[in-house]
Amino acid sequence: MHGFANPARFLRIARWLMPLCMGAGFVVAFGALGWGLFFGPAERLQGETVRIVYLHVPAAWLGMAGWMGIAAASFMELVWRHPLAGIAARACAVPGAVFTAVCLITGSLWGRPAWGTWWVWDGRLTSMLVLLFLYFGWMALSQASEASDGGRNRAPAIFGLVGAVNIPIIHYSVIWWNSQHQAPSITVGKSAMAGAFLWPLLLAMLGFTLLFAGCVLARMRAILANQQAEARLRRKALGAAY
Amino acid sequence: MREALDAWTFVAAAYAVGIGATLAMTLWSLLSMQRAEKRRDDARKR
């Protein structure tokens, strides 16, 4: 991991990895969505609405993965002072928040025909909404830190680590508390889903994860380039002053 | 009286939101990256 601490080395890798992730992500994600939407079967009880699963589950996974990325980068920033860690955390925030919002909206659109309601204040839905608010809070804190002292403040990193407490709460909410939301259908090495639903779902998860990675790499390149432009302009301004 | 719900309306709405948000986020990431890298290159040339 420390090998990537050099921004020049990171940029060399990101220049070919980002388009690869985005291209492969588009093909796999939209292929899986097409498979699930046009060729997959309807479910015995839920009917056609089961097709929302191919968007809802990848969005839920990436909403949580985005915060796990922020927490891991925050840990690296606090412990090892990794120069790219803060940039990686900032790059994860918007894609993570977008997928969390997509998860909440698609879940609501699924809940209306399946449960007869758009929303219930149960553990899973509420903890996912809390995650969206955590993203908003983290982005506001990160921007304030960037504006006040150029991002040297460690408050966003501490917030990122503390906020990670919500991730196991989201995951276990359907086990710990009575919930309208179903229990996990896929666990490590086991699935309660039939193959006709499982394979397009796994492909969609892979495709959206690649797209997410591509977006994070593009955001990291953007943040790095802005920082380099700022540094160069500041040096020139100082050189002109003396 | 129970209202009749067309499942496909909800499926279409979910796909419109999900695909629209994904495309918008990808496009925004790419455009902001291109803008930032152009800004850095311009700063180097000055």
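Every number in this text was worked out from the coordinates using simple rules, so none of it is lab data. As the structure is a prediction and not an experimental result, all values here were calculated from the model. For neighbour counting, all protein chains shown are included, and Cβ atoms are generated from backbone atoms with ideal geometry for every residue, glycine included.
Summary table
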| read-out | value |
| --- | --- |
| Per-bin percent of Cα-Cα distances, chain A [10 Å] | 7, 27, 32, 21, 9, 3, 1, 0 |
| Anisotropy class of the range A:141-242 from Cα gyration tensor, a/c 1.5 cut | oblate |
| Residue-wise HN-Hα coupling along the range A:191-205, computed from phi with Karplus coefficients 6.51, -1.76, 1.60 (Hz; x: Gly, Pro) | 9, 8, 9, 6, x, 4, 9, 5, 5, x, 5, 5, 5, 4, 5 |
| Aspartates and glutamates whose Cα lies under 19 Å from that of B:Lys45, excluding same-chain neighbours fewer than 8 positions away | A:Glu230, B:Glu37 |
| Phi to ³J(HN,Hα) by Karplus 6.51 cos²θ - 1.76 cosθ + 1.60 over the range A:103-116, Hz, x for Gly, Pro | 4, 5, 5, 5, x, 5, 5, 7, x, 4, x, 7, 9, x |
| Computed label-point distance, nm, for sites A:Ile175 and B:Ile19 using a 7 Å Cα→Cβ extension | 3.6 |
| Percent RCO, i.e. relative contact order, over chain A, from Cα pairs under 8 Å lying at least 6 residues apart | 34 |
| Full-stretch length increase - A:Lys236, A:Ala24 - with 0.36 nm per residue and alpha-carbon distance subtracted | 72.2 nm |
| Theoretical gain in end-to-end length, A:Gln143 to A:Ala192 [0.36 nm per residue, Cα-Cα removed] | 13.4 nm |
